[in-house]
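The values are calculated or read from the model by the stated rules, or taken from the named source; none is laboratory data. On a predicted model such as this, the values are computed, not experimentally measured, just so you know. Don't worry about glycine lacking a Cβ; one is built from the backbone with ideal geometry, like all the others, and counts go over all protein chains shown. Ligands, DNA and RNA are stripped out before the accessible areas are found, and what is left, the full protein with its side chains, is counted by its heavy atoms. Shrake-Rupley method; radii C 1.70, N 1.55, O 1.52, S 1.80 Å.
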Amino acid sequence: MLRAMTLEEKIAQLGSRWLRKDLHEPDAEPIFVEDHNVAPMQDVFSAGDRPLEEVSRHGLGHLTRVYGSAPVTAVEGAAELVRQHHVVLDAHRLRIPALVHEECLTGFTSYGATVYPAAIAWAATFSPDLVERMAAAIGRDMAAVGVHQGLSPVLDVVRDYRWGRVEETMGEDPYLVSMLGAAYVRGLQSAGVIATLKHFAGYSASRGARNHGPVSMGRRELIDVILPPFETAVAVAGAGSVMNSYADVDGVPAGADRWLLTDVLRDDWGFTGTVVSDYWAVPFLASMHHIAADDAEAGALALAAGIDVELPDTIGYGAALEALVRAGKVPEELVDRAARRLLTQKVSLGLLDPSWTPEGSVAGADTVALDSAANRALAREIAERSIVLLDPGSALPLAGTGRVAVVGPCAAEPRTFMGCYAFPNHVLPRHPGLGLGVDVPTAVDALRAELPGADIAYEPGCEIQGDDRSGFAAAVAAARAADVCVAFVGDLAGLFAHGTSGEGCDAPDLRLPGVQADLLAELLATRTPVVVVVVSGRPYALGEVHGRAAALVQAFMPGEEGGAAIAGVLSGRVQPSGKLPVQIPRDPGGQPGTYLQPPLGADSTDISSLDPTPLFPFGHGRSYTSFVVSDLRVSAAEVATDGEFTVSARVRNTGDRSGAEVVQLYLHDVVAQVVRPVKQLAGFARVELAPGAAADVTFAVHADRTAFTGRDLRRIVEAGDVDVLVGTSAEDLPLRGTVRLAGPTRVVGHDRRLDTPVAVAPTGP
């Protein structure tokens, strides 16, 4: 096929088109304007829109967000997709279909589709199997309406909680992100939809937590902390696509980094899929990074580095790139390389089969239920598992009767349950008359349904943002008149400063947004027991609340079924089992960093006036029963640097209710040639137990799991002692042992063991 294609036709396969018009008004001007961008600088780049017929006259690589740009039903979106397919097919002689991609960060980003919990909530479940089931359901819905590629999962490892996109991540630990990310990829691709790993790489470590900020990071930290989730998703799950990061790491933007996109991703890891640009990342090399003189030079840099397809529109990979190739300034072999990768993917998707038709590709649109009962049940299961009981205090579970004051700006705003890429927060703010598109009960309504015998009064107290305190008096009066007050505080996700969490919504510190912390202070002063429920996309400092509140609950944007899930935890109907994938800080001033710290980053002695210890550590989460972890067994005191050992512990439910505990394994390299973390998660298992029941949890730890990047930037397994720590959080580790690795230092590569298999076996009484 490549031999039969002209240069123009090959380059056309590397581009894309985003028709940014409201499909209900096909002759309207583009609806995306400066105040409501859904991608950075979208208003700037939409100014030069060209008709699809013109853009695709030599073919086209991708069609961008046909369903995710305007509030259309599945049937309406399918009709428009068929129309666009026919335009592309009829525009050029080879009739090669375009690949269709959409967002799917909290479910299929489409009108009326299920809004699942945000990724930070998936992480709180510590349940890869559940994440895989969710991703498979998302993939089936997308495939039914003709979507070929989903722009998810986000595999960025959190480095600073102030970053707005913390909600889109799966937490601060590389191993947790790796296991959940690989599960998501398996699930989505099981439905025939290509998963896209993003943002490759370093995006989450921006200086000052500023979106698109430069990344001051050495290569060792990049390799050991940032890259493992991407490598695991490629090696273990077979991810089909990767999206570059906007950021520059030590002065080199990812979109122009051949070492990252080719040497590491392809040559070292053996990745064979496509690399797609983040939206407008190619022209950003000129307009924002200033490492290219113009869009054509930016395209040449990106192509040479290894970006195969430019999204969401063709700017750097168009006619100007063709001119550079014809002038001998860009080798045609680079165009062939990228085109071959995309065409291979189109073949694998069946797009070049003689039987493929645009109408057939959307055959499921007439019958698909994008917010089916099965989807909602799955969304609720994830939400219930994700709620983290920080401290049950003296008030939880709630009694079913009495006077309850429900207070706070998150109590009656259902959008607080959803991330910034959920359709109701992402697109529908431009269409206020359409509601949410799905049924999302509020927290106060869910509590009324959960506690029918209680007398529930509601007062918002304040807005999520802003400094209006006019509602404080009514909220305080309601709290004083109640037997218990439940205060819902936290975030409302948005985009580019139109929210307190989400892309471009970075925080100056970790104090609750607006005047919510002041509202809590006045509620706590009433002497009525106050249960504080934080509904947020990032952790907020709760040091001033802990010890004064009657209970503390963290709900990380739990999706459309979040209200019922939270209410169930508060009443005790749902046994909480969520665990923190990020720490909860004590103070708002940026302390602490993540738990993954070297000794000088974790030391709380008088070497500094700042205390880096968290209020609640990584992995923490309580329940309404109790568990004991005991009986550590390590299979060998010494193994070779290429050997394997097992670590076993017994977990017992010592309470009177069934529940689930997450048993966590951490490793610590006692002495190494470079500074290593004080502890790092190496394995975990979620164990369900009836009252009095016990189970043995056994981790199979290969020596490869101790590998790190040495002084010469080669990944090694080094001889020496390794501490083994087992418990239920990064700070609650009652079981400790040591294994000595003996033998020569080994250099290991992509073929090393990337996971820690775990087995759970019930035991006798």
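If the condition is being without any contact (Cβ under 8 Å) to a residue 60 or more places away in the chain, under 33 Å from the mean Cα position of the chain (by Cα) and more than 19 Å from residue 394 (Cβ to Cβ), then the range 615-639 contributes only 628. With respect to the conditions (1) open to solvent by 20 Å² or more (accessible area, probe 1.4 Å); (2) in contact (Cβ under 8 Å) with a residue 12 or more places away in the chain; (3) assigned to a loop (DSSP other than H, G, I, E, B), residue 409 falls short on a single one, namely (1). Condition check: at pLDDT below 95 and in contact with a helix residue (DSSP H, G or I) (Cβ under 8 Å, 6 or more places away or on another chain). Does residue 612 satisfy that? Considered against the rule, which asks whether it is at pLDDT below 95 and in contact with a helix residue (DSSP H, G or I) (Cβ under 8 Å, 6 or more places away or on another chain), residue 612 comes out as yes.
Being under 24 Å from residue 370 (Cβ atoms), open to solvent by 10 Å² or more (accessible area, probe 1.4 Å) and in a loop (DSSP other than H, G, I, E, B) holds for only one residue in 107, 112, and it is 112. Out of 545, 532, 582, one residue alone is without any contact (Cβ under 8 Å) to a residue 60 or more places away in the chain, assigned to a loop (DSSP other than H, G, I, E, B) and closer than 13 Å to residue 390 by Cβ. It is 545. Taking every residue in the range 1-21 that is among the β-branched types (Val, Ile, Thr) and pairing it with any residue that is open to solvent by less than 30 Å² (accessible area, probe 1.4 Å), at least 6 positions away or on another chain, the pairs with Cβ-Cβ distances below 7 Å are 11/317; 11/321; 11/335. Where helices (runs of 4 or more DSSP H) sit wholly within the range 301-403, those with at least 3 residues that are in contact (Cβ under 8 Å) with a residue 12 or more places away in the chain and within 30 Å of residue 289 (Cβ to Cβ) occupy 319-326, 332-348. Yes or no: residue 177 part of a loop (DSSP other than H, G, I, E, B), touching a Pro at 6+ places or on another chain (Cβ under 8 Å), open to solvent by less than 10 Å² (accessible area, probe 1.4 Å) and not acidic (Asp, Glu)? When the stated conditions are applied, residue 177 does not pass them.
When the range 209-245 is filtered for residues that are open to solvent by 10 Å² or more (accessible area, probe 1.4 Å), over 29 Å from residue 342 (Cα atoms) and free of Cβ contacts under 8 Å to residues at least 60 places away in the same chain, the ones remaining, listed by number, are 214, 216, 217, 218, 221.
Identify all residues within the range 660-718 that are without any contact (Cβ under 8 Å) to a residue 40 or more places away in the chain and in contact with a Leu (Cβ under 8 Å, 6 or more places away or on another chain); write none if there are none. Result: 706, single match. Within the range 270-321, being among the β-branched types (Val, Ile, Thr) and open to solvent by less than 20 Å² (accessible area, probe 1.4 Å) holds for 274, 275, 276, 282, 307, 309. Taken across the range 586-596, residues that are crowded, with 17+ Cβ neighbours inside 10 Å, of a type in the set (Asp, Glu), out of contact with any Ser or Thr (no Cβ under 6 Å at 6 or more places or on another chain) and in a loop (DSSP other than H, G, I, E, B) do occur, with at least one present. Looking across 501, 470, one residue alone is closer than 26 Å to residue 517 by Cβ, of a type outside the set (Phe, Trp, Tyr) and open to solvent by 20 Å² or more (accessible area, probe 1.4 Å). It is 470. Can you say whether residue 248 is acidic (Asp, Glu), out of contact with any helix residue (DSSP H, G or I) (no Cβ under 8 Å at 6 or more places or on another chain) and open to solvent by 20 Å² or more (accessible area, probe 1.4 Å), as far as the supplied structure shows? When the stated conditions are applied, residue 248 does not pass them. The listed residues are 661, 688, and the only one of them that is in contact with an Asp or Glu (Cβ under 9 Å, 6 or more places away or on another chain), in a strand (DSSP E or B) and crowded, with 20+ Cβ neighbours inside 10 Å turns out to be 661.
Would you confirm, using the coordinates I've provided, whether residue 219 is in contact with a helix residue (DSSP H, G or I) (Cβ under 7 Å, 6 or more places away or on another chain) and closer than 28 Å to residue 712 by Cα?
On the way: in contact with a helix residue (DSSP H, G or I) (Cβ under 7 Å, 6 or more places away or on another chain): no; closer than 28 Å to residue 712 by Cα: yes.
So residue 219 does not fit the description; no.
For the range 4-16, the count of residues that are in a helix (DSSP H, G or I), at pLDDT below 80 and in contact with a His (Cβ under 8 Å, 6 or more places away or on another chain) is zero.
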